[in-house]
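> Once you've had a glance at the structure underneath, I'll fire off some questions.
Read-outs: derived from the displayed coordinates by stated rules, not from any lab. What you are looking at is a predicted structure, and each value in this text was computed from that prediction instead of being measured.
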Ligand code: 5AD
Ligand code: SF4
């Protein structure tokens, strides 16, 4: 089929959405849709929305106001532009989106985008098509593999969804309501997808899932697998040189995952393991199902298995009932773990979640003060972690051209962006770089002679 129609997808939020947006483009490609970066030229505009941040739905409605102008502009030129809303806001709002924004032609949830061709055909005939059911069929079975050209255009590092949904029900979080129950893909299907990506030149695979280490897909022997065993299976795929996974829950760290960090050198020594709070009282109110001590024990076990492992986390400050003493516990946890980086947020109520109805909501000023103190501390830790890399060699997967001529940007094993001067044909290679300068967010270096060892990637260099 010829690529005559144009598709623009705007993706918000997490990597799961970025992955889903690629899959939507892959499904529509055989139907003649080619992607465009210019929404005004598109025949189909899809907003792939995220519900996790505050006032997410309101932001989508105001974006739809802007999209309406594009649609009107296209109509003036005699073109029909279809508008779709996908993702978690679509799942949560459903019909309401069509009611409030009649400019929208189709609404579909994260579990329904495999039906996109049929939904689109309906939207061309009738107005306001909505599909937010949790279907019985497996959407992954209906997905199209990307073409080698599409994979190449997306770069040498790729995400692969292995698990979706969440059964944890942390009291602040909307994910269990928008993404549904935990479900895992079979190992064989994931291995096949990764093989295809590696054949097209992808060198780094990040396995993603809302709760990725709750992974329990069918193994090659027909029995439920674990994330650790899946990582072992993927480590053998030719061409794959780096593996990562995100986002993990402390409760689901098991022996096989610890063993994977011990046994697989290509599993990168960087782990995003959200804790949310350092106070047991708040962890219980959040329904996190782990204590501070449990979390610290996991960190210790992981470091025992892979001494150069660096950690990052998510934190929420100002959860209902959080006292100054509770917040101090969070600060002391950060000091104790020594993160390489972390995300932190002010608690904000999500309608429909238990915490939204809890008493003792914290005043905005207290939340803001706690957040800035925590962020300053995290930034100090991050700078210190980066500074430890100065004068060391690190392996860098070269990903793309940098901002300045002749410069390439890649990632260190610890996910730090590294800028260095190198020929553009080396994109896709893992090189050894001597780190000469470090900033709060990036490292700067130069290509080290071939054969230079990466001794710096050791516990003594990285222990923060
Ligand atoms: N308020 C503030 N932060 C939240 N997060 C999730 N829900 C909320 C909320 N209601 C944060 C958590 C989670 C990250 C993705 O977003 O820290 O790990
Ligand atoms: Fe949300 Fe908690 Fe599930 Fe993470 S584990 S997606 S924070 S409910």
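> Can you bin region 1-140 into rounded, prolate or oblate? Criterion: square roots of the alpha carbon gyration tensor eigenvalues sorted a ≥ b ≥ c, rounded for a/c under 1.5, prolate for a/b above b/c, oblate for the rest.
On the way: a/c = 1.40, a/b = 1.10, b/c = 1.28.
Here region 1-140 falls in the rounded category.
> Which value, in Å³ per residue, describes the convex hull spanned by the Cα atoms of region 308-464? Kindly include the intermediate steps, with their values, before the conclusion.
Numbers: hull volume 21.0 nm³, N = 157.
So the per-residue hull volume is 133 Å³.
> Report Rg (one decimal) and Dmax (nearest whole number) for the chain, counting Cα atoms only, units Å.
Considering the chain through its Cα atoms, Rg and Dmax are 22.8, 66 Å.
> Okay, next question. Using only the Cα atoms of region 1-80, construct the convex hull and provide its projected area averaged over every direction, in square nanometres to one decimal.
5.5 nm²
> Which whole-percent values make up P(r) of region 41-96 when all C-alpha to C-alpha distances are grouped in 10 Å steps starting at zero?
24, 48, 24, 4
> Oh, and also: Calculate I(q)/I(0) for region 260-334 by the Debye formula, one identical point scatterer on each C-alpha and no solvent, and give its log10 at q = 0.22 Å⁻¹ to two decimals.
-0.93
> Follow-up. Determine the shape class of region 95-171: with a ≥ b ≥ c the square roots of the Cα gyration tensor eigenvalues, call it rounded for a/c under 1.5, and otherwise prolate if a/b is greater than b/c, oblate otherwise.
Numbers: a/c = 1.99, a/b = 1.30, b/c = 1.53.
Judged from the Cα gyration tensor, region 95-171 comes out oblate (a/c at least 1.5, b/c at or above a/b).
> Then there is this: State the percent of C-alpha pairs, over all pairs in region 362-403, separated by a distance greater than 14 angstrom.
Roughly 69 percent, once rounded to a whole number.
> Cα extents of region 247-376 along the three principal axes, largest first, in whole Å?
47, 30, 22
> Given the rule -39500 (n - 2.57) for each run of at least 4 DSSP H residues, summed and divided by the residues of the chain, what is its mean residue ellipticity at 222 nm, to the nearest 500 deg cm²/dmol?
Estimated from H runs of four or more residues: -10500 deg cm²/dmol.
> Given the alpha-carbon gyration tensor of region 94-238, what are the semi-axes of its equivalent ellipsoid in whole angstrom, ordered largest first, with each equal to the square root of 5 times an eigenvalue?
Output for region 94-238: semi-axes of 30, 21, 13 Å.
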